[in-house]
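*Asks:* Handing you a structure now.
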C-alpha cells in the first residue's frame, strides 16, 4: 500500500492518451503535484491545452462512427475487459490515491473497488435494458448520443472515471475524459490499466488539464454531444449555460449539504457513530457527507455526550494507516477553505463541541484539520447552508418529525440524506418526504444499480446502472405508413 510513499523521487508526466496511444502534450504548462501529508512536491505534470483536447475529440468522433453500431453483446465484452484490466491494478490504484490525494485507506480501498465494479454493474444493466420496443408499425430504439466529454472531480478519481466511462461505453458512446489535474498520478495508473483492455482506438481519450482550457473546449466544441460533470455548482452552471450554444446534453453532480435525521427512538450507541462516520466520510471531502445532524431537542444533551465519547473512533493522521479515519485536505487551498468555515461558525455563534481551528497536534506539516463538531447551530448559519468539504459537522436541534423534515429540506441542495431510528416504518415515512436523490436508513449503504444524483442545486440527471446508461442515449422512433 505504501509503494508511492517509499521514495521522494519526483515523477514526471508529459503525455496524454489519445487515439489508443500515449502522445506528447502539445500544451506546455507544467503543474506541481503536492503530497498533502507533508506539502512536498511528488510529481510534475504537463497540462493539456485546447489543441490536445481537439485532437482527442477528433479521435473520439472517428471512433464513434463504428462503435455506435456495436451490439449490446459486443459492448458487454468490452466492459468485462475493462473490469479485468483495472482489477489487476487495484493495489496500485489504491496506493496512488492515498499518496496523491491523502484519502484514508479504509475509504480509498472500497471506493476504488467500487469504481472497478462499475464495469460489471454496467454490463448487468446493459443486458437488462430494452434496446428496442415495437408496436403496430412503430419501432423505438435507444441510440448513443455521440461523443461524450467526461469531467471528473479530485475526491474520488477512479470511481468517477470508471463510473462515467462504464455508462458511456455501455450506451455505445466514445469519450474524452478530463480528470482533475489534482489527480494526475492516479489518472496515469488508471489509464495504463484501461489501455490493457485493448479498446478500439479512439473509444477512450484522456487529457489532463485545467477546466478553463480543456473543460471549456469540451463544452463549446460542436463535436461533443454530451457532458457528464462532477464538481462545483458554479462550474455546473457555466456548463449548462455555455453548452446550450451547441445544445449539449448534460449530467451534473454538484455536491450537497446532506442532512442526517436522528429520530427520538434512535439507539445513540449505534446512531451517533453512524452519523459521525457519514459526516467524516472521505475526511469530509465527499458530496454525500452528512454534515448537518438533526437531533431531537429533548435528546440534545445526551447526543452531545455520545459524540464526545465516540470521537476516539475517528483519529486523524497518516492516511496509509488502516486505523486512520480522517486524513489531510487535498491542498493548501482546501485547508484554508475549511479553516475559514470553522472561524465563520464561531463568529456566527455556534459552539465548538470538539475540534476547532488549526492543525491537530503533531500534524503541522501537511494539510490536516481537526475533525470539528459544532452545536447550537441554526439552519440559517453559513456552516449549515454552504458545502464546506471538510470534516466539519453542525448539530441542529428540532422539536418534531415535521420540524426535522422541514429543516432537512430547507437547503439549496438535495443530493443525499439519512434517517436513523429503530422504528423502520417511521424511518421510511420520514425518508419518503426528504427532497434528496438518495436517502439511506440506519447507515451508509450502496446499490450499484440505484440512481445517484440530486434535486435542486445538487445537479441534473442520474448516474449508476440503467439510469446512468440512459443519460448517454437518445430515443429514435421509426414509423411505417399503412
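The values are calculated or read from the model by the stated rules, or taken from the named source; none is laboratory data. As the structure is a prediction and not an experimental result, all values here were calculated from the model. Because the Cβ atoms are built from the backbone with ideal geometry, glycine has one as well, and the counts that use them run over all protein chains shown.
*Asks:* For residue 347, work out the one condition from (1) in contact (Cβ under 8 Å) with a residue 12 or more places away in the chain; (2) more than 27 Å from the chain's Cα centre (by Cα); (3) more than 12 Å from residue 391 (Cβ to Cβ) it doesn't fulfil.
*Replies:* It is condition (1) that residue 347 fails.
*Asks:* Which one of 201, 205 is surrounded by fewer than 18 Cβ atoms within 10 Å (Cβ to Cβ) and either assigned by TED's automatic domain parsing to the domain that holds residue 62 or assigned to a helix (DSSP H, G or I) (or both)?
*Replies:* 201
*Asks:* Now a separate question. Tell me the residue from 194, 190, 182, 126 that is under 18 Å from residue 80 (Cβ atoms), assigned to a helix (DSSP H, G or I) and in contact with a strand residue (DSSP E or B) (Cβ under 8 Å, 6 or more places away or on another chain), please.
*Replies:* 194
*Asks:* Any chance you could count how many residues in segment 432-456 are in a loop (DSSP other than H, G, I, E, B) and surrounded by fewer than 20 Cβ atoms within 10 Å (Cβ to Cβ)?
*Replies:* 13
*Asks:* Can you find even one residue in segment 278-294 that is in contact (Cβ under 8 Å) with a residue 40 or more places away in the chain and more than 21 Å from the chain's Cα centre (by Cα)?
*Replies:* yes
*Asks:* If you don't mind, there's one more thing I want to ask. Based on what the data block shows, is residue 354 surrounded by fewer than 19 Cβ atoms within 10 Å (Cβ to Cβ), touching a strand residue (DSSP E or B) at 6+ places or on another chain (Cβ under 6 Å) and either closer than 18 Å to residue 379 by Cβ or assigned by TED's automatic domain parsing to the domain that holds residue 421 (or both)?
*Replies:* When the stated conditions are applied, residue 354 passes them.
*Asks:* A follow-up question, please. Considering segment 208-226 alone, what residues qualify as being surrounded by fewer than 24 Cβ atoms within 10 Å (Cβ to Cβ) and outside any helix (DSSP H, G or I)?
*Replies:* Those that are surrounded by fewer than 24 Cβ atoms within 10 Å (Cβ to Cβ) and outside any helix (DSSP H, G or I): 210, 221, 222, 223, 225.
*Asks:* Something else: Looking at segment 300-323, which of its residues are farther than 15 Å from residue 278 by Cα, out of contact with any helix residue (DSSP H, G or I) (no Cβ under 7 Å at 6 or more places or on another chain) and surrounded by 18 or more Cβ atoms within 10 Å (Cβ to Cβ)?
*Replies:* 304, 316, 317, 318
*Asks:* Residues that are out of contact with any helix residue (DSSP H, G or I) (no Cβ under 9 Å at 6 or more places or on another chain): list the strands (runs of 3 or more DSSP E) wholly contained in segment 19-79 that include at least 2 such residues.
*Replies:* 30-35, 40-46
*Asks:* Still on this structure, I have one more. For the subset of segment 243-299 comprising residues that are assigned to a helix (DSSP H, G or I) and on the phi > 0 side of the Ramachandran plot, which member is surrounded by the fewest Cβ atoms within 10 Å (Cβ to Cβ)?
*Replies:* Restricting to residues being assigned to a helix (DSSP H, G or I) and on the phi > 0 side of the Ramachandran plot, the top hit is 282.
*Asks:* Now for a separate question. Restricting to strands (runs of 3 or more DSSP E) lying wholly in segment 132-177: which have 1 or more residues that are buried (at least 24 other Cβ atoms within 10 Å of the Cβ) and touching a residue at least 60 places away in the same chain (Cβ under 8 Å)?
*Replies:* 138-144, 148-151
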